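Asker: First the structure, then my questions, so here it is.
The values are calculated or read from the model by the stated rules, or taken from the named source; none is laboratory data. For clarity, every value in this text was computed on a predicted model and none was experimentally measured. Neighbour counts are summed over all protein chains in view; Cβ atoms, including those assigned to glycine, are modelled from backbone coordinates with ideal geometry.
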Amino acid sequence: MISNRRQALPFFVVLLMVVSVFAFTPASAASSMLVTLDADNGIYSFASVNGSAEYTVTITNDGDVDFAEVAISASFVDETWRPENVSFSASGNEGNGTNLLLGPLVSNAVIQVQVSVTVGSGAKVYFAQVPMDISIEAYDDDGGVAASVSEGAIVCVTNWIAYESNFPNQPTINTFNMGDSYDYQIVVENIAVTKNLDNTTSPMPIRDHINVQYSGIS
């Protein structure tokens with residue numbers, strides 16, 4: 001019996017040591033990045049030929065690890081839409097869509113980037129909606145990719161936009177009984193521009209046929 005106690009004691013001590021190791025091992029820090037995109041309506045922004053569609057990209061380091069560098073770039077499926085037609089601006093730091101270094105981003109810090117997409121410079125407009133991909137990569141101190149996020153955006157090429165006068169807020173919700181009527185104001189805005197010789201733009205008249213229709217939801 002004495003021999004059995006002496007054999008059990010070392011095992012009990014080792015077991016305590018193993019439990020202690022598991023109890024005091026610190027959790028490893030994790031890299032994480034949150035990216036949101038705001039536009040005229042969700043992921044959609046509107047511009048005419050020679051105009052610019054605008055977006056705001058918000059980048060948040062929501063992880064435990066500081067980023068040594070953050071880069072943003074843009075790309076299109078249609079090769080006639082070049083990254084050079086995209087411009088980035090963030091706290092005085094400006095560049096085109098091929099690649100812009102935004103600098104370091106510590107944990108819990110935020111960077112906002114203004115994105116402007118020019119419709120023109122050889123871009124072919126086959127469809128009214130042109131997909132664009134905005135990529136953000138964050139790098140660690142060794143130059144490795146610590147986090148990577150891609151956001152999809154849509155460039156809507158149009159001469160005009162229409163919206164209810166309360167936009168971006170919702171209009172008052174009314175309950176219609178038989179014979180009731182309520183007034184709503186629909187705004188049609190001409191956003192077409194022409195390009196001047198000095199590369200500036202000016203508003204221009206349009207002759208588009210615009211139809212306003214009503215559809216109810218029963």
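Asker: Pick from the stretch 175-196 the residues that are assigned to a strand (DSSP E or B) and not β-branched (Val, Ile, Thr): which of them is surrounded by the fewest Cβ atoms within 10 Å (Cβ to Cβ)? Break it down stepwise before answering.
Answerer: Applying the first criterion (assigned to a strand (DSSP E or B)) to the stretch 175-196 yields 186-190, 193-195.
Adding the requirement that they be not β-branched (Val, Ile, Thr) leaves 189-190, 195.
On the way: Glu189: 10, Asn190: 15, Lys195: 16.
Out of the qualifying residues, it is Glu189.
Asker: Another one. Pairs under 8 Å by beta carbon, first residue among the polar types (S, T, N, Q) in the stretch 197-215, partner in a loop (DSSP other than H, G, I, E, B), six or more apart or different chains?
Answerer: Thr201/Asn50; Thr201/Gly51; Ser202/Asn196
For every residue, the table says whether it meets (1) exposed (fewer than 10 other Cβ atoms within 10 Å of the Cβ); (2) outside any helix (DSSP H, G or I); (3) modelled with pLDDT of 90 or more; (4) among the basic types (Lys, Arg).
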position	(1), (2), (3), (4)
Asn4	yes, no, no, no
Phe11	yes, no, no, no
Leu15	no, no, no, no
Ser20	no, no, no, no
Pro26	yes, yes, no, no
Ser32	no, yes, yes, no
Ile59	no, yes, yes, no
Glu69	no, yes, yes, no
Thr80	no, yes, no, no
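Asker: State the number of residues belonging to the stretch 112-156 that are of a type in the set (Gly, Ala, Ser) and part of a loop (DSSP other than H, G, I, E, B).
Answerer: Residues flagged as of a type in the set (Gly, Ala, Ser) and part of a loop (DSSP other than H, G, I, E, B) within the stretch 112-156 amount to 7.
Asker: Further question: Out of the residues in the stretch 197-218 that are loosely packed, with under 11 Cβ neighbours inside 10 Å and among the hydroxyl-bearing types (Ser, Thr, Tyr), state the one that is farthest from Val49 (Cα to Cα).
Answerer: The extreme case among them is Ser218.
Asker: Does the stretch 61-71 contain at least one residue that is more than 18 Å from the chain's Cα centre (by Cα) and free of Cβ contacts under 8 Å to residues at least 12 places away in the same chain?
Answerer: The answer is no, given that none of the residues of the stretch 61-71 is more than 18 Å from the chain's Cα centre (by Cα) and free of Cβ contacts under 8 Å to residues at least 12 places away in the same chain.
Asker: Would you say Ala138 is under 24 Å from the mean Cα position of the chain (by Cα) and more than 15 Å from Ala39 (Cα to Cα)?
Answerer: yes
Asker: Name every residue in the stretch 157-172 that is of a type in the set (Phe, Trp, Tyr), in a strand (DSSP E or B) and free of Cβ contacts under 8 Å to residues at least 40 places away in the same chain, in order of residue number.
Answerer: Tyr163
Asker: Let me confirm something: among Ala147, Ala138, which residue is in contact with a Leu (Cβ under 7 Å, 6 or more places away or on another chain) and surrounded by 16 or more Cβ atoms within 10 Å (Cβ to Cβ)?
Answerer: Ala138
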